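Single-structure report; data block below.
The values are calculated or read from the model by the stated rules, or taken from the named source; none is laboratory data. This is a predicted model, so every value here is computed, not measured. Ideal geometry is used to build each Cβ from the backbone, glycine not excepted, and the neighbour counts take in all protein chains shown.
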Amino acid sequence: MNKRKVLGVLGITVLTSLVLAGCSSKSKADGKDVTMWVQYSKTDPEGKAMAKNITAFNKENKKGYHATVQYIPRNSSGGGYEDKVNAALNAGNLPDVLTLDGPNTAAYAKNKIIQPLDKYITNKSDILPSIISQGTYKGKLYSIGYSESGVGIYYNKRMFKDAGIQESSIPTLKNPWDWNQFMAICAKLKAKYNAPAIDMQIQDHSEMSLYAFAPFVWSAGGNITNKNGTKSIGYFNSKESQTAFQFIQDMVKKDYTTTTPVNKAFQTGKYPMMLSGSWTITELNTSYKHLDYGMLPYPVSPMTHKLVSPTGSWQYAMTTSTTKKKAAGALVNFLSSTKQEYRTSMTMSTLPARKSVSKLMEDKVDPSLRFLMEQNILSGHARPVLVNYPQVTRTFADTVTKTTYYKQNPNIAKLLKKQATTIQSYLK
Amino acid sequence: MSRLGKRQNQAWFFLAPAIIVLGLFLFIPSIISFCYSFTDFNMLAPKLAAFVGIANYLKLFKDPIFMKSLKNIVQFVAFVLPIQVGTALGLALIVNKKRPFNMFYKVAFFAPVVVSLAVTSILWMYILNPSQGILNSLLAKVGISAQPFLNSSKQAMFAIIFLSAWQACGNQMIIFLAGLQNIPKSLYEAADLDGAGKWATFRNITLPLLKPTTVLILTTTFIDAFKMMTQAMIMTQGGPLNSTMTPLYYIYRTGFTDRQLGYASAMSVVYGFGIILFTIVQRKVTRADEGSGQ
């Protein structure tokens with residue numbers, strides 16, 4: 001290649017780069033191109049639903065906005081996606097919109113990573129209160145959940161019948177069972193099958209612990225912290241909270257549940273009940289088709305008879321660093337609208353985050369999913385929105401574990417006082 | 001350029017890759033970590049990091065989980081070191097003798113080393129499952145009641161010690177084997193002629209001549225044992241009741257889950273210096289021992 005040719009190629013390259021740079025700076029200046037990061041793969045059902053939603057947004061919005069999604073799968077230990085977000089925080093190159101898990105709202109909002117969404121979200125009255133509460137920090141809506149989750153008690157219909165438990169004594173959402181009634185049924189089942197009556201996943205020391213067991217505390221009228229999230233002493237160790245942990249301890253002490261459950265004991269007909277989330281429905285319907293199961297509500301405190309059930313989900317939020325607020329806001333609003341959420345929930349078999357989506361799904365979903373949808377509307381309770389949530393949830397899980405060691409910790413009041421002090425040390 | 005200068009340049013040229021890699025991935029991060037340890041660096045608010053003096057260092061000595069993790073790791077090292085090194089030596093002695101299927105034994109003993117620690121941890125979780133695990137089934141056959149293993153704050157650490165020793169001893173077995181094969185056969189023949197028994201031969205020939213290999217194995221095992229994290233992270237998440245929490249896992253959790261990089265850095269600095277100090281003491285002890293043996 002002679003000198004002239006080389007110069008020619010170089011010249012064309014430089015010119016092309018300049019033209020492209022000009023184009024990209026123009027579109028940036030217009031503020032119409034938005035980027036978004038999500039925590040799943042493009043090939044997941046969730047990813048496929050998102051791809052359709054994004055195509056719809058790019059086609060249907062009348063302002064000429066264009067969204068691009070980057071799929072960054074989150075691994076089972078929570079890394080991957082979060083690592084990328086953490087790195088981007090330090091490098092200052094966050095996208096315009098990102099997804100975040102419910103409990104991260106407070107920390108992200110306090111550290112000004114995400115900004116309020118209130119003015120961009122339409123039809124807020126349609127959104128489930130648990131979703132609003134999960135995304136609200138200091139009175140402002142910072143993030144919006146695009147689906148919901150829930151936990152119920154799965155029961156084996158045949159095992160219940162064989163143990164002589166009458167249909168009439170089976171609780172319903174309108175007439176739930178209190179802890180005493182629940183334990184009476186557990187006693188019958190345990191006597192009949194000589195095995196724990198329920199796998200409560202009590203051995204799970206992860207996020208499942210607060211997620212699944214805090215509703216007992218709330219049902220009793222207790223709490224983890226005060227409303228402002230500044231105090232735990234006097235709340236986590238209140239008499240009401242103590243009754244909830246006493247109930248958990250009694251369940252273990254009387255062998256109605258166990259810290260060492262047989263793997264897939266409910267699925268294989270070894271235990272008659274299992275406390276688990278909405279995600280188990282798909283597993284039961286695909287891998288354990290022979291199992292004739294139903295769904296029962298959360299047991300309630302005998303003092304209050306208040307039904308409280310867990311909720312929680314991943315959410316959309318707009319970053320503080322975005323220079324395209326209108327486009328980012330429009331994208332979040334679009335993705336959390338009835339039509340798009342309906343698509344996501346139906347594809348994923350997840351619970352809906354809007355009442356209107358619930359209505360649309362009602363007749364099209366499995367009865368168990370429908371049960372959890374109703375339970376969510378009636379009694380869904382979001383987890384506390386706290387800046388140091390990771391430490392608080394771990395202390396909660398630690399408390400549940402200690403509660404199950406009933407010989408070492410027979411005095412629940414004493415245990416909760418100590419744990420409340422630990423939680424309070426994180427509430428700054 | 002003088003001849004010496006030329007040789008120095010050559011030396012720097014050969015050292016450069018190591019210096020660059022170590023600098024980028026070890027020295028610079030260590031210096032940054034040391035600097036962070038005097039700040040309240042939170043990963044979510046990197047721009048708001050402020051100098052807090054020695055507050056993080058004061059905090060960690062009052063942190064019950066960090067102190068518990070130190071106690072746990074000392075217990076782990078104290079048990080895993082003799083078990084792992086002893087087993088490795090035993091296995092090396094077995095495969096050192098010519099016998100049928102020797103290659104099979106070598107491969108079998110070495111196999112766990114090439115399997116990822118995460119995989120072996122999950123495998124052992126199945127083996128140790130209190131309700132369905134094979135170990136409890138075997139114990140039941142000899143009349144021992146089912147044990148909780150990983151669900152017990154008293155047994156979990158011992159289960160991890162056993163698994164760790166089993167997983168890593170194959171590697172040390174190979175090093176011991178190399179050491180054993182370097183011992184001149186003439187010494188064994190001479191001992192045999194002198195009428196020395198097996199134990200006397202082992203004590204007076206094998207062990208002394210294996211000393212350099214043993215020192216190397218002890219030092220590397222010692223440092224590796226102090227870095228234990230994967231097993232605790234996968235099998236117990238540091239529980240039950242922090243009974244398997246190790247300093248490295250606690251540092252990781254504080255830094256990356258709780259996002260408190262400042263505090264995690266302070267723990268890293270203290271723990272890093274602790275290991276260095278231990279290693280120096282260990283080397284001095286083994287060297288003094290070598291001196292007295294000569």
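This table checks each residue for (1) more than 30 Å from A:Ser336 (Cβ to Cβ); (2) aliphatic (A, V, I, L, M); (3) in contact with a strand residue (DSSP E or B) (Cβ under 9 Å, 6 or more places away or on another chain).
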site	(1), (2), (3)
A:Ile132	no, yes, yes
A:Ala163	yes, yes, no
A:Pro176	yes, no, yes
A:Ala187	yes, yes, no
A:Ala191	yes, yes, no
Based on this model, can you work out whether B:Lys62 counts as within 14 Å of chain A (Cβ to nearest Cβ) and at pLDDT 95 or above?
no
In the list A:Gly277, A:Gly229, which residue meets the criterion of being under 30 Å from A:Thr105 (Cα atoms) and in contact with a Leu (Cβ under 6 Å, 6 or more places away or on another chain)?
A:Gly229
Taking the condition of being aromatic (Phe, Trp, Tyr) and under 23 Å from the mean Cα position of the chain (by Cα), how many residues in region A:51-91 meet it?
2
Here the residues within region A:121-146 that are assigned to a strand (DSSP E or B) and surrounded by fewer than 18 Cβ atoms within 10 Å (Cβ to Cβ) are A:Lys140
Failed condition for B:Ala266, given (1) under 30 Å from A:Asp101 (Cβ atoms); (2) within 13 Å of the chain's Cα centre (by Cα); (3) crowded, with 20+ Cβ neighbours inside 10 Å, with all others met?
(2)
All conditions in (1) within 14 Å of another protein chain (Cβ to nearest Cβ); (2) touching a helix residue (DSSP H, G or I) at 6+ places or on another chain (Cβ under 9 Å) are true of A:Gly80 except (2)
Members of region B:222-242 that are surrounded by fewer than 22 Cβ atoms within 10 Å (Cβ to Cβ) and hydroxyl-bearing (Ser, Thr, Tyr):
B:Thr230
Name the single residue that is nearest to A:Ala107 (Cα to Cα) among those in region B:263-283 being at pLDDT below 95 and of a type in the set (Gly, Ala, Ser).
B:Gly272
I'm trying to understand the selection: among the residues of region A:235-270, which are farther than 19 Å from A:Leu210 by Cα, in a loop (DSSP other than H, G, I, E, B) and away from chain B (no Cβ under 14 Å)?
A:Lys254, A:Tyr256, A:Gly269
Only helices (runs of 4 or more DSSP H) wholly contained in region A:321-411 count here; list those with 3 or more residues that are away from chain B (no Cβ under 14 Å), over 21 Å from the mean Cα position of the chain (by Cα) and in contact (Cβ under 8 Å) with a residue 24 or more places away in the chain.
A:325-335
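Name the residues in region A:83-103 that are part of a helix (DSSP H, G or I), more than 9 Å from chain B (Cβ to nearest Cβ) and not small (Gly, Ala, Ser), would you?
A:Lys84, A:Val85, A:Pro103
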For B:Ile83: the one exception among (1) surrounded by 12 or more Cβ atoms within 10 Å (Cβ to Cβ); (2) over 29 Å from B:Thr214 (Cα atoms); (3) β-branched (Val, Ile, Thr)
(2)
So B:Leu209 clears everything in (1) farther than 30 Å from B:Lys154 by Cβ; (2) among the aliphatic types (A, V, I, L, M); (3) in contact with an Asp or Glu (Cβ under 8 Å, 6 or more places away or on another chain) except one condition, right? Which one?
(3)
Quick test for you: out of B:Asn242, B:Asn204, pick the one residue that is within 30 Å of B:Thr39 (Cβ to Cβ) and either away from chain A (no Cβ under 14 Å) or touching a Ser or Thr at 6+ places or on another chain (Cβ under 9 Å) (or both).
B:Asn242
Can you tell me which residue is farthest from the other protein chains (Cβ to nearest Cβ) among those in region B:245-262 that are in a helix (DSSP H, G or I) and modelled with pLDDT under 90?
B:Phe256
Which of the residues spanning region A:186-232 are within 19 Å of A:His305 (Cβ to Cβ) and assigned to a loop (DSSP other than H, G, I, E, B)?
A:Ala220, A:Gly221, A:Gly222, A:Asn223
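Do we have any residue at all in region B:134-144 that's of a type in the set (Val, Ile, Thr) and not in a helix (DSSP H, G or I)? So that I can check it myself, show each step before the final result.
Step one: filter region B:134-144 for residues of a type in the set (Val, Ile, Thr), giving B:134, B:142, B:144.
Filter once more, keeping what is not in a helix (DSSP H, G or I): B:142, B:144.
Within region B:134-144 (the criterion being of a type in the set (Val, Ile, Thr) and not in a helix (DSSP H, G or I)), the answer is yes, since at least one residue qualifies.
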Which helices (runs of 4 or more DSSP H) sit wholly inside region B:1-114 and have at least 1 residues that are closer than 30 Å to A:Thr422 by Cα?
B:28-36, B:55-61, B:64-96
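So that you can scan it fast, the table gives a plain yes or no per residue for (1) touching a residue at least 24 places away in the same chain (Cβ under 8 Å); (2) not in a helix (DSSP H, G or I):
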{"residue": "A:Lys119", "(1), (2)": "yes, no"}
{"residue": "A:Tyr154", "(1), (2)": "yes, yes"}
{"residue": "A:Phe160", "(1), (2)": "yes, no"}
{"residue": "A:Ser168", "(1), (2)": "no, no"}
{"residue": "A:Pro171", "(1), (2)": "yes, yes"}
{"residue": "A:Ala184", "(1), (2)": "no, no"}
Verdict on B:Ile275 being among the aliphatic types (A, V, I, L, M), surrounded by fewer than 19 Cβ atoms within 10 Å (Cβ to Cβ) and within 11 Å of chain A (Cβ to nearest Cβ)
no
Can you name the number of the only condition in (1) in a strand (DSSP E or B); (2) surrounded by 22 or more Cβ atoms within 10 Å (Cβ to Cβ) that A:Gly294 fails?
(2)
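Criterion first (aliphatic (A, V, I, L, M), in contact with a strand residue (DSSP E or B) (Cβ under 9 Å, 6 or more places away or on another chain) and at the interface with chain B (Cβ under 9 Å from one of its Cβ atoms)) does A:Ile121 satisfy it?
no
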Touching a helix residue (DSSP H, G or I) at 6+ places or on another chain (Cβ under 9 Å), within 14 Å of chain A (Cβ to nearest Cβ) and among the β-branched types (Val, Ile, Thr): which single residue out of B:Ile83, B:Ile94, B:Ile73, B:Ile122 fits that description?
B:Ile122
So for region B:207-230 (the condition being under 30 Å from B:Ser33 (Cα atoms) and within 14 Å of chain A (Cβ to nearest Cβ)), does at least one residue qualify?
yes
